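Below is one structure, written out as structure tokens; the observations come after it.
The values are calculated or read from the model by the stated rules, or taken from the named source; none is laboratory data. As the structure is a prediction and not an experimental result, all values here were calculated from the model. Positions of Cβ are backbone-derived with ideal geometry, glycine not excepted, and every protein chain shown enters the neighbour counts.
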Amino acid sequence: MGPQLGQHGGLAALEAQVARDIALTAHPRMDWMVPRLRQGQPALDVLIVGAGQSGLVTAFGLFRERVRNVLCIDRAPAGREGPWITFARMPTLRSPKDQSGPDLGIPSLTFQAWYEAQFGAEAFAEMSLIPSVQWHEYLMWYRRLLDLPVRNDVEATAIEPGTLDDGGRCLLVTLSTGEVLAARKVVLATGQDGTGEWWMPDFVRNLPKERRAHTCEVAIDFEALRGRTVAVLGAGASAMDNAAVALEHGAKEVHQFCRRVPTMIQQYRWLTFAGFLRHMGDALTSGAGASWATSCASAKASPRIPTTACSPSPTSSCMSSGPGPMRAWKAIASGWRHRAARSTPTMRFAGPACARTCICGLS
Ligand SMILES: Cc1cc2nc3c(=O)[nH]c(=O)nc-3n(C[C@H](O)[C@H](O)[C@H](O)COP(=O)(O)OP(=O)(O)OC[C@H]3O[C@@H](n4cnc5c(N)ncnc54)[C@H](O)[C@@H]3O)c2cc1C
């Protein structure tokens, strides 16, 4: 039986605690931002594009600093922001369950506090990794509780410089509705969407639509892969997840291709140290980049944590990383093969690796 709701401190009590903790640490309380106008209309102090976790936390951080003339926008419908319940097809986060961040140092705002208030400390202790859906629910709770201003279903399509009525500078952000918002600062919290294109090599892009997909797509028709052979390009997190989901939907075989021999090392784990997480921004603005880079390099050189040992299991299809239970690949038991191709663009399908559908896990 899974964790039981409702027998613990409860969210109402936790929410009262959060309000008290915020009040206790609110100094200095005085508002200090001077309202500014553009064409006689109030300009925003900050427009945040993207209301995933980074956008929400940025808004809360600004609220804490008494910058309250802020708006977040997101092109996703309300409750569908970020990857967690859309295209991230893993059952759990890879990050450790005690990771903090959105709480900005307020214990009652942590994921752990939210979880324990509903399911109890014992259930949290027994949890290996945070279920993705619950991380998403926690973010939704955070947004509601902190009353963060989010406008959904609207996309930022262009940004250009502008001028406020008092001659000061601003940015003019055009929205998909045709409106133009003036803001003194704009924060791009657009996540992986904002880092460039979700890429496919041309030889995949040129396939008929029903023969290819990208892991960023929300509506991949996995049912259509039943009994089929599937090629997955890439061996990162999303590629692994999509390979597993294809098998869980009855794909006959999934062949996974990557340019390097897979190491089964979680490449991002090395950056989980305070020097990186707290001071990356300082290095970029203070000119201290060289010494910071040196400390990062030495941290990176230290032994890294292997994540996933692949071992067959007839019972489990969940992936975990780090010290939690190993993900045992149902995939392997079902004929999943991990295959290193020398170079993705020259990859050839032949004989048993001939695939009907190709899923790209590349960005
Ligand atoms: C499979 C997978 C597993 C992951 N596992 C982890 C993990 O275990 N731990 C971890 O910390 N991270 C993990 N990540 C990374 C995860 O994406 C980020 O940590 C997290 O989502 C970053 O939050 P964000 O707010 O920066 O971006 P996102 O959550 O991606 O939010 C960005 C938002 O911006 C919106 N947006 C983009 N462009 C526009 C625009 N032009 N106008 C309006 N809105 C726009 C999008 O709709 C989206 O809602 C994983 C990602 C994937 C895909």
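Can you find a residue that is more than 30 Å from Gln99 (Cβ to Cβ), surrounded by 15 or more Cβ atoms within 10 Å (Cβ to Cβ) and at pLDDT 85 or above anywhere in segment 236-244? Break it down stepwise before answering.
Initial filter on segment 236-244 (more than 30 Å from Gln99 (Cβ to Cβ)): none.
No, the conditions are met nowhere in segment 236-244.
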>> Of the conditions (1) part of a helix (DSSP H, G or I); (2) within 10 Å of the ligand (Cβ to nearest atom), Val154 satisfies every one except a single condition; which number is it?
In response: (1)
> Take the residues of segment 172-197 that are part of a loop (DSSP other than H, G, I, E, B) and not small (Gly, Ala, Ser): which is surrounded by the most Cβ atoms within 10 Å (Cβ to Cβ)?
Replying inline: Thr190
> So is Arg68 in contact (Cβ under 8 Å) with a residue 40 or more places away in the chain, under 25 Å from Val187 (Cβ atoms) and among the basic types (Lys, Arg) or not?
Replying inline: no
>> under 28 Å from Glu248 (Cα atoms), touching a residue at least 40 places away in the same chain (Cβ under 8 Å) and in a helix (DSSP H, G or I): which single residue out of Trp114, Trp141, Trp135 fits that description?
In response: Trp135
> Got at least one residue in segment 68-87 being part of a loop (DSSP other than H, G, I, E, B), surrounded by 13 or more Cβ atoms within 10 Å (Cβ to Cβ), acidic (Asp, Glu) and at pLDDT 95 or above?
Replying inline: yes
> How many residues, within segment 198-231, are part of a strand (DSSP E or B) and within 13 Å of the ligand (Cβ to nearest atom)?
Replying inline: 1
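Tally up the residues in segment 7-18 that are in a helix (DSSP H, G or I) and over 16 Å from Gly105 (Cβ atoms), please.
Selection size over segment 7-18: 6.
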>> Filter segment 59-79 down to the residues that are under 18 Å from Ala23 (Cβ atoms) and either among the small types (Gly, Ala, Ser) or within 11 Å of the ligand (Cβ to nearest atom) (or both) and list them by number.
In response: Gly61
> Got a sec? Which of Leu129, Leu139 is closer than 28 Å to Ser95 by Cα, in contact with a strand residue (DSSP E or B) (Cβ under 7 Å, 6 or more places away or on another chain) and within 12 Å of the ligand (Cβ to nearest atom)?
Replying inline: Leu129
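Listed here are the residues, each with its yes/no results for (1) out of contact with any His (no Cβ under 9 Å at 6 or more places or on another chain); (2) surrounded by fewer than 17 Cβ atoms within 10 Å (Cβ to Cβ); (3) at pLDDT below 95; (4) within 16 Å of Ser100 (Cβ to Cβ).
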site	(1), (2), (3), (4)
Phe111	yes, no, no, yes
Tyr115	yes, no, no, yes
Glu122	yes, yes, no, no
Trp135	yes, no, no, yes
Arg143	yes, no, no, no
Pro161	yes, yes, no, no
>> Residue pairs, Cβ under 7 Å, 6 or more apart or interchain, first in segment 80-100 and within 6 Å of the ligand (Cβ to nearest atom), second charged (D, E, K, R) and at pLDDT below 95. List them.
In response: Met90/Asp241
